[in-house]
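Accompanying notes for the structure given below.
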């Protein structure tokens with residue numbers, strides 16, 4: 001039991017679930033949400049030589065922001081791709097994010113190799129801009145989270161499953177206190193990957209594209225911090241049953 005508790009504590013520290021604004025709440029098949037459009041906010045992918053805008057092999061970063069006053073086209077920087085269906089800056093109304101409990105971010109990765117199918121999510125999140133896209137009103141960020149090789153390798157295998165992140169209870173209230181307008185605009189940013197030898201805790205970006213998506217949460221229930229240990233143990237245990245190749249799969253979505 002002592003070893004189990006120590007292992008659980010290590011997982012919690014690695015995932016950053018205790019203090020993050022966005023917390024991992026499991027995998028979700030976006031085709032079954034039934035809550036309207038799923039929007040691709042940002043797509044990143046390293047060049048074929050594996051070195052992106054940071055100059056580090058295996059690390060991809062990117063940001064998408066609205067063009068001031070016109071909002072579109074979205075401005076993509078770093079390793080983020082520009083263009084339709086790759087970068088978008090939707091309004092809160094378009095996303096259906098009418099309260100903090102409805103905010104959903106999905107991470108869809110496409111990595112290669114049985115031992116390197118995961119990805120280090122160093123940080124990612126959203127900037128909320130005013131309706132003219134000229135001022136950032138608030139920022140909500142996830143703490144570091146490791147998608148393990150096993151987690152990345154397993155999955156429904158249909159290209160529509162994503163790692164689902166929701167605002168924790170405290171940040172849901174913070175969101176609600178901002179009283180955003182429906183016309184306020186969502187920008188996004190990511191820093192993903194790892195520079196170094198592949199290991200259990202270093203999962204570099206080696207394929208892609210990798211995407212950050214936005215949708216309405218299928219449920220408003222966010223797990224209390226006391227339940228994270230059992231969730232993580234259960235999630236990793238389920239992953240041990242059968243290894244189904246995830247591979248490089250396109251994401252099916254309804255664009256903005």
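The values are calculated or read from the model by the stated rules, or taken from the named source; none is laboratory data. Note that the structure is a prediction, hence the values are computed from the model and not measured. Quick reminder, even Gly has a Cβ in these numbers, built from the backbone with ideal geometry, and neighbours come from all protein chains shown.
Assess whether residue 123 counts as being within 25 Å of residue 195 (Cα to Cα) and part of a loop (DSSP other than H, G, I, E, B).
Taking the combined requirement at face value, the residue does not satisfy it.
Read through the list (1) buried (at least 18 other Cβ atoms within 10 Å of the Cβ); (2) touching a residue at least 60 places away in the same chain (Cβ under 8 Å); (3) on the phi < 0 side of the Ramachandran plot, then give the number of the only condition that residue 128 fails.
So the condition that residue 128 fails would be (2).
Every residue in segment 127-171 that is within 22 Å of residue 63 (Cβ to Cβ), modelled with pLDDT under 95 and not in a strand (DSSP E or B), please.
Hit for segment 127-171 is 143, nothing else.
Evaluate segment 38-60: report whether one residue or more is touching a residue at least 40 places away in the same chain (Cβ under 8 Å), farther than 20 Å from residue 191 by Cβ and either in a strand (DSSP E or B) or out of contact with any helix residue (DSSP H, G or I) (no Cβ under 9 Å at 6 or more places or on another chain) (or both).
yes
Which residue, of 220, 197, is touching a helix residue (DSSP H, G or I) at 6+ places or on another chain (Cβ under 7 Å), farther than 30 Å from residue 67 by Cα, part of a loop (DSSP other than H, G, I, E, B) and at pLDDT 50 or above?
220
Based on this model, can you work out whether residue 116 counts as under 17 Å from residue 45 (Cα atoms) and out of contact with any strand residue (DSSP E or B) (no Cβ under 7 Å at 6 or more places or on another chain)?
Against the criterion (under 17 Å from residue 45 (Cα atoms) and out of contact with any strand residue (DSSP E or B) (no Cβ under 7 Å at 6 or more places or on another chain)), residue 116 qualifies.
Across segment 75-112, what is the number of residues that are over 18 Å from the mean Cα position of the chain (by Cα), within 21 Å of residue 208 (Cα to Cα) and part of a strand (DSSP E or B)?
1
Whether any residue in segment 60-71 is at pLDDT 95 or above and over 16 Å from residue 89 (Cβ atoms) is what I want to check.
yes
Within segment 182-208, work out how many residues are surrounded by fewer than 22 Cβ atoms within 10 Å (Cβ to Cβ), farther than 30 Å from residue 135 by Cβ and touching a residue at least 40 places away in the same chain (Cβ under 8 Å).
Qualifying residue count, segment 182-208: 9.
State all residues of segment 93-114 that are modelled with pLDDT of 95 or more, surrounded by fewer than 18 Cβ atoms within 10 Å (Cβ to Cβ) and in contact with a helix residue (DSSP H, G or I) (Cβ under 9 Å, 6 or more places away or on another chain); if no residue qualifies, say none.
If the condition is that a residue be modelled with pLDDT of 95 or more, surrounded by fewer than 18 Cβ atoms within 10 Å (Cβ to Cβ) and in contact with a helix residue (DSSP H, G or I) (Cβ under 9 Å, 6 or more places away or on another chain), then 98, 99 are the ones that fit.
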